[in-house]
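In what follows, a structure is listed as structure tokens, so that the remarks can point back to it.
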Amino acid sequence: MADENLSFDVVIVGAGPAGLAAAIRLAQRARQAGNLAPSIAVLEKGERVGAHILSGAVLDARPLGELFPDFETMPGCPVRQRVTRNRMLLLTPQHAWDLPVLPEFSNAGHYVISLGRLTEWLAVQAEDLGVNILTESAVTDLIYVHDQVAGVWVGPKGLDQNSKPKASFQEAVEIRSRAVILAEGAYGYLAKKLDKRFSLTASAQIPQTYATAVKELWQIPPGRMAAGEVWTLLGWPLDSKQFGGGFVYALDANRVSIGLVVGLEGWNPVFDPQVALQQLKLHPKLRPILAGGKLECYGSKIIPEAGWFGLGKMAVGGCMVAGDSAGLVNVPQNKGIHYALKSGMLAAETVFEALQGSVTPTKSLAAEALQSYESRLRASYIGRELHRARHFRENFRRGLWAGIFLTGLQVLTGGWWFPRSPLPAPRFTLHASRSTPGALDKLTALYTSGTRHEENQPAHLLVSDPTLCVTRCVQEYGNPCLRFCPASVYEIVHTEPGKRKLQVNFSNCVHCKTCELLDPYGIIEWVPPEGGGGPGYGGM
Ligand code: SF4
């Protein structure tokens, strides 16, 4: 047992948009009602709010307007820049063609934002409402009582690489709560554990699928792109079998986000997303925008893509799952922040009503009391829009051109043209290759992510059978981790003549979790490192 025990009525894991919206909505409801003052804690593994936050991003501000009707005029609110122009460009290596932007994919009326800045601001609003935000708190497990979630464990600090206490050692902290909201982002560590115990995803029609995204934030000379311009890029440097695309968003007259999103299904083992992003930046359409500019920050994350068909159960006794952790992303719109905000708010509404109706003020909230979260979510615009877009992702499993054609038909028929079951998702492409394209300065880009971990701590990337890397993997796939990891964490090093081994530079890790999903033998596991470690993104 820990030396230190804490308790809150509600614990929220993750200070991203879902977690902070949940905290704010719950505190707002309690203030309005006046008869309830729940204690609320948001636990964040980063050294500060926003440090681990990365998104494109274009924001559909509907849920923000529900949280704060006057957000546009609130002091410090970073949601200011409306989308001023929306283009969809089809790229070949030398040319770019404008495609018509169908209303379904339009960003008109939305805002170009930095999600990192938005979460920083939301954290201030939450604290003003009495919410406790505890940073450097890496939650490593859930506490169960009678098969209900009854709290969380925050992992210890100050262990050395052999898991022995150092002088700075701090024990794990047990935090009891009546409800836990998991808002850890895509492929959440605790959400995965909850799924194993309660088979949450068993009711989904297809397994969750993911894309990986790499992004750079650039300071550019003025006049290169109008503030609020949003470009969605299709085609090159991806081939027609790869699902994904690029984006360029002008946050203001001097800063642009540029990025590339690539589906993990059917992944080509020789593909390196960071190298592809460098190629994209050199395209004749984009190069003049960035010329003379300066890279401010680089980072990576994964994005859930299965949409409606991938939705599983989202609530059990004492616990709910929100945002990217629950797979709430609208793939055709390339947006999930608004669903993260809205799902966090719906989870908070559910908890608030359950707390009000509860007659035992210390027990965790029963599954029956939290079940309405899922029905609220499916009945909200999240459910309606995900259902309407349900076949989009699988249309592109037939390739880019078939995807464009089928999606056009789907839009014209409101989705009813596709009365078929979802397709199964492939993992790696079967062809193997041993060519290794050289990474274009991945380490230099990584430096701007601000990532750091205390070196003398237990590794947070667990490779169960590293000999496979230098035997089967090198033969069958050419060690794809050397390329798909955006942070050069994995290296094959020579130990003595003729002998090689896998070296894991875990301190480089930006916590994207691509490796756990793409490792072809299922031998890599990402676990939370000591709180405070990880990227130190600024304005991503
Ligand atoms: Fe992402 Fe894994 Fe590389 Fe870390 S080691 S940056 S989680 S791919």
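The values are calculated or read from the model by the stated rules, or taken from the named source; none is laboratory data. The shown structure was predicted, so the numbers you read here are calculated from the model rather than taken from an experiment. All Cβ positions, even for glycine, are placed from backbone atoms using ideal geometry, and neighbour counts span all protein chains on display. Keep in mind that these areas ignore ligands, DNA and RNA; they rest on the heavy atoms of the full protein, side chains included. Shrake-Rupley method; radii C 1.70, N 1.55, O 1.52, S 1.80 Å.
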Looking at segment 461-476 only, could you name the residues that are assigned to a loop (DSSP other than H, G, I, E, B) and within 15 Å of the ligand (Cβ to nearest atom)? S464, P466
Residues being closer than 12 Å to M320 by Cα and at pLDDT below 95 - total across segment 373-402: 0
Return a yes/no flag: does segment 489-497 have any residue that is at pLDDT 95 or above and either within 8 Å of the ligand (Cβ to nearest atom) or touching an Asp or Glu at 6+ places or on another chain (Cβ under 7 Å) (or both). yes
Go through segment 160-185 and give me each residue that's open to solvent by 30 Å² or more (accessible area, probe 1.4 Å), within 20 Å of H52 (Cα to Cα) and either among the hydrophobic types (A, V, I, L, M, F, W, C) or not assigned by TED's automatic domain parsing to the domain that holds A315 (or both). none
What number of residues in segment 83-117 are under 23 Å from C297 (Cβ atoms) and either assigned to a helix (DSSP H, G or I) or open to solvent by 40 Å² or more (accessible area, probe 1.4 Å) (or both)? 3
Listed by first then second residue, the pairs whose first member lies in segment 499-525 and is among the β-branched types (V, I, T), whose partner is assigned to a strand (DSSP E or B) and near the ligand (Cβ under 7 Å from one of its atoms), with beta carbons under 6 Å and at least 6 positions apart or on separate chains, are V504/L461; V510/S300
Conditions first: (1) touching a Pro at 6+ places or on another chain (Cβ under 6 Å); (2) modelled with pLDDT of 95 or more. P269 passes all but one, so which condition is the exception? (2)
Of the conditions (1) open to solvent by less than 10 Å² (accessible area, probe 1.4 Å); (2) assigned to a loop (DSSP other than H, G, I, E, B); (3) out of contact with any Lys or Arg (no Cβ under 8 Å at 6 or more places or on another chain), A340 clears all except one; give me its number. (2)
Do we have Q28 as without any contact (Cβ under 8 Å) to a residue 12 or more places away in the chain, under 23 Å from Y373 (Cα atoms) and open to solvent by 20 Å² or more (accessible area, probe 1.4 Å) here? no
Residues of segment 136-159 being surrounded by fewer than 16 Cβ atoms within 10 Å (Cβ to Cβ) and among the charged types (D, E, K, R), in sequence order, are D147
Pick from segment 501-540, criterion among the charged types (D, E, K, R) and part of a loop (DSSP other than H, G, I, E, B), ranking: nearest to the ligand (Cβ to nearest atom): K513
I'm checking my understanding of the structure. Among residues of segment 264-302 that are in contact with a Ser or Thr (Cβ under 7 Å, 6 or more places away or on another chain) and small (G, A, S), which one is surrounded by the most Cβ atoms within 10 Å (Cβ to Cβ)? G299
Residues of segment 512-540 being on the phi > 0 side of the Ramachandran plot and open to solvent by 20 Å² or more (accessible area, probe 1.4 Å), in sequence order, are G522
Could we say that L20 is of a type in the set (A, V, I, L, M, F, W, C), assigned to a helix (DSSP H, G or I), more than 19 Å from L182 (Cα to Cα) and at pLDDT 95 or above here? no
Among (1) within 16 Å of the ligand (Cβ to nearest atom); (2) surrounded by 23 or more Cβ atoms within 10 Å (Cβ to Cβ), the one test that G310 misses: (1)
Consider L482 carefully, then state whether it is more than 23 Å from the chain's Cα centre (by Cα), in contact (Cβ under 8 Å) with a residue 24 or more places away in the chain and within 13 Å of the ligand (Cβ to nearest atom). no
Only one of V10, V42 is in contact with a Ser or Thr (Cβ under 7 Å, 6 or more places away or on another chain), surrounded by 23 or more Cβ atoms within 10 Å (Cβ to Cβ) and part of a strand (DSSP E or B). Can you tell me which? V10
